[in-house]
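The structure appears right after this line, and notes come after that.
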Amino acid sequence: MFDRLLKRIGDTLSDDDSRRRIIKGFKTRLGFLLRLFLYSYGAFLLLAILGLHYIGENNITSAFALYLPRVLLLLPLPFLLCLSLFNGWKLLSFLLISTFCYGVWGMGYQMRAVPKPLPSSSGESITVLTYNRGQHMGQSLQPFKNLTHPDIIALQEAPGRASRYLGAEGYEAFVETESIGEFTVLSKYPILSSELINLPSGPQILPTAARFEIDFEGQRIALYVVHVVSPRDVLFYYRRGAFLYGILGLPGTSWGKKKEQNQVVWDQRIQEARELRDLIEKDPLPSLLVGDLNAPSGGAIHRIFRKTLTDAHRENGSGFGYTFPGVTRNPLSRGGPWMRIDYLFCDDDWEPVWCLTEKERKSQHRAVTAQFRLLTPSN
């Protein structure tokens, strides 16, 4: 039987017409499979955008993916682009469009020139710098402060440091300083009041945010400084494969129960974000929300805030705006940060004029500064 099979193959290959048909058929099938693979890759990039935005922290697998360098999905791109050159301009165009969409909406790249950080116009605009000071590695904030001319500096993980900045060299312009909990605010305008905010879904021992009321040249404004607890321990646990429960945890199985148990953490964070957003929405004063959300941009939690607030970087920032983790050994991020978790938001009473993220500094977080123009005076 085997001999007859080999003889048939030999007879077929010895015939020129048969051989040409076989080679042509093989090329056709190979080309089809290659085109299918390339189109599937481009479609996968587009689906990744939707998955991050609309699922994000609602599933532990996509939640884990949010915290990974998103350039990972682009690693095969150079090779695939070369392959697409042999399959027509339509396929190449589709890949390029998919990559562009992923870079803008999936990775958060803003195609604008680097904004020039001009000082605020008196009574019209205010410039706010936010920075998580934890693990600052002894690096000075002054170079970035001097570049961006902030009127207010909002610090997280800086308990009781207000008195150290008052009158300190380089900070003489900040006539008001106040610390409450881990939050410290330096202001060129009078600070009228401050209070810690304990959200029902947030940790009660460590308040999620603080609200500072500031007299902005006769206009009372509300500044919310936030620091959401990091999910670092959960993510470290997921590295051993637990993140797969989000896909493999079918209802009624043991893995399904583990999926439900792990999802509780993210459900609490989502609810905490909704509560904080709703609190700001109900505030009668023109409000700004700044600080460390510990939630990467482009995810479901980020989308919760963007539903009613304006993200200064998305509106008038430049580049990726990544702020965390500062200095790394990750070659994919060229030794720098690969996610944006530090934000400046405003409500409808403001519009962002420009937003600038610190380029380089050996600390865990990068500072971010944005300027806001007041549109609606407070009542």
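The values are calculated or read from the model by the stated rules, or taken from the named source; none is laboratory data. As the structure is a computational prediction, the values presented were derived from the model and not from experiment. Glycine also receives a Cβ, built like all others from the backbone with ideal geometry; neighbour counts cover every protein chain displayed.
For this structure, a couple of remarks:
- Listed by position, the helices (runs of 4 or more DSSP H) contained in region 223-333 that have at least 3 residues being in contact with a Pro (Cβ under 9 Å, 6 or more places away or on another chain) and buried (at least 18 other Cβ atoms within 10 Å of the Cβ) are 254-282, 312-316.
- Cβ-Cβ under 9 Å pairs, at least 6 apart or on other chains, region 45-57 side under 17 Å from Q271 (Cβ atoms), far side charged (D, E, K, R): G56/R303; E57/D267; E57/R269
- Scanning region 162-204 for residues that are charged (D, E, K, R) and in a loop (DSSP other than H, G, I, E, B) yields a count of 4.
- So D215, is it modelled with pLDDT of 85 or more, assigned to a helix (DSSP H, G or I) and not assigned by TED's automatic domain parsing to the domain that holds I55: no
- For region 272-285, the condition of being of a type in the set (D, E) and free of Cβ contacts under 8 Å to residues at least 12 places away in the same chain holds for at least one residue.
- Residues of region 169-181 satisfying the condition of being touching a Lys or Arg at 6+ places or on another chain (Cβ under 9 Å) and crowded, with 18+ Cβ neighbours inside 10 Å: F174, E176, T177, S179
Conditions tested, residue by residue: (1) modelled with pLDDT under 90; (2) in contact with an Asp or Glu (Cβ under 6 Å, 6 or more places away or on another chain); (3) in the same structural domain as L206 (by TED's automatic domain parsing); (4) closer than 30 Å to L34 by Cα.
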{"position": "P78", "(1), (2), (3), (4)": "yes, no, no, yes"}
{"position": "L91", "(1), (2), (3), (4)": "yes, no, no, yes"}
{"position": "V114", "(1), (2), (3), (4)": "yes, no, no, no"}
{"position": "P119", "(1), (2), (3), (4)": "yes, no, no, no"}
{"position": "Q139", "(1), (2), (3), (4)": "yes, no, yes, no"}
{"position": "N146", "(1), (2), (3), (4)": "no, no, yes, no"}
{"position": "D151", "(1), (2), (3), (4)": "no, no, yes, no"}
{"position": "A168", "(1), (2), (3), (4)": "yes, no, yes, no"}
{"position": "T177", "(1), (2), (3), (4)": "no, no, yes, no"}
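- Residue satisfying all of: in region 62-79; out of contact with any Phe, Trp or Tyr (no Cβ under 6 Å at 6 or more places or on another chain) and among the small types (G, A, S); farthest from P325 (Cα to Cα) among these: S62
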